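S.K.: Please see the structure below; I have some questions.
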Amino acid sequence: MEIDDILTLDRTHCKIDATSRKRALEKVSDFLATSYPAFNAEQLFASLIAREKMGSTALGHGIAIPHCRMKGCDSIVGGLFQLEEAIDFESPDRSKVNLLFVLVVPEEEVNEHLSALAMLASRFDSEPYRESLLAARTSQELFDAATKDIHLDVKQA
């Protein structure tokens with residue numbers, strides 16, 4: 001699985017104005033419901049908030065991957081959002097989050113869900129990749145940076 005299998009330009013947004021985790025999740029739910037008609041924004045928001053209550057989806061380095069399973073979702077759907085200002089997401093490294101990759105997965109998918117999370121975590125572990133996303137000034141630039149096939153600095157075991 002590659003990032004461009006789950007992310008499209010219309011689900012990529014640069015400079016989202018949100019002052020809190022709740023408000024950010026509300027806005028991204030609205031954006032995703034607009035671009036993916038099978039989603040109901042209120043249900044998506046409720047699912048993302050419920051997942052966050054189980055524990056923060058922040059990875060560190062300013063990145064969070066809010067995710068949930070949804071009834072009515074027929075394939076894995078991703079959305080990438082760069083925030084105007086970084087917000088507190090209770091990150092393990094205490095850094096504020098300025099990039100959200102929202103992942104919505106069909107209710108019955110378990111292995112694909114884990115594969116998608118692993119692929120995203122691997123990409124976001126790369127400092128050059130994160131920097132290219134943060135340098136984006138438009139949604140097109142953000143999408144291009146996200147889907148660009150770059151060499152990732154993968155840590156050797």
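S.K.: Output the number of the condition that Ala58 fails; it satisfies all remaining conditions of (1) surrounded by fewer than 18 Cβ atoms within 10 Å (Cβ to Cβ); (2) among the aliphatic types (A, V, I, L, M); (3) touching a residue at least 12 places away in the same chain (Cβ under 8 Å); (4) under 25 Å from Glu90 (Cα atoms).
M.R.: Evaluating Ala58 over (1) surrounded by fewer than 18 Cβ atoms within 10 Å (Cβ to Cβ); (2) among the aliphatic types (A, V, I, L, M); (3) touching a residue at least 12 places away in the same chain (Cβ under 8 Å); (4) under 25 Å from Glu90 (Cα atoms) leaves (1) as the failure.
S.K.: Then there is this: When region 20-35 is examined, which residues are found to be buried (at least 19 other Cβ atoms within 10 Å of the Cβ), under 15 Å from Phe89 (Cα atoms) and small (Gly, Ala, Ser)?
M.R.: Correct list: Ala24 only.
S.K.: Another question, then. Looking only at residues that are over 19 Å from Leu9 (Cα atoms) and of a type in the set (S, T, N, Q) in region 47-88, which one is nearest to the chain's Cα centre (by Cα)?
M.R.: Top of the filtered list is Thr57.
S.K.: Hey, among Asp93, Asp74, Asp88, which residue is surrounded by fewer than 23 Cβ atoms within 10 Å (Cβ to Cβ), more than 26 Å from Tyr129 (Cβ to Cβ) and either at pLDDT 95 or above or of a type in the set (D, E, K, R) (or both)?
M.R.: Exactly one of Asp93, Asp74, Asp88 is surrounded by fewer than 23 Cβ atoms within 10 Å (Cβ to Cβ), more than 26 Å from Tyr129 (Cβ to Cβ) and either at pLDDT 95 or above or of a type in the set (D, E, K, R) (or both), namely Asp74.
S.K.: Based on what the data block shows, is Ser132 over 22 Å from Thr34 (Cβ atoms), free of Cβ contacts under 8 Å to residues at least 40 places away in the same chain, of a type in the set (Ser, Thr, Tyr) and touching a strand residue (DSSP E or B) at 6+ places or on another chain (Cβ under 9 Å)?
M.R.: When the stated conditions are applied, Ser132 does not pass them.
S.K.: State the number of residues belonging to region 115-151 that are under 15 Å from the mean Cα position of the chain (by Cα) and more than 13 Å from Leu9 (Cα to Cα).
M.R.: 15
S.K.: How about region 20-119: which strands (runs of 3 or more DSSP E) wholly inside it have at least 2 residues that are in contact with a Phe, Trp or Tyr (Cβ under 9 Å, 6 or more places away or on another chain), within 15 Å of Leu7 (Cα to Cα) and not acidic (Asp, Glu)? Working first, answer last.
M.R.: On the way: elements: 58-60, 67-70, 77-87, 97-106.
The qualifying strands (runs of 3 or more DSSP E) are 77-87, 97-106.
The values are calculated or read from the model by the stated rules, or taken from the named source; none is laboratory data. Owing to the predicted nature of the structure, the values given are computational and were not obtained by experimental measurement. In this analysis, Cβ positions are derived from the backbone assuming ideal geometry, glycine residues included, and neighbour counts consider all displayed protein chains.
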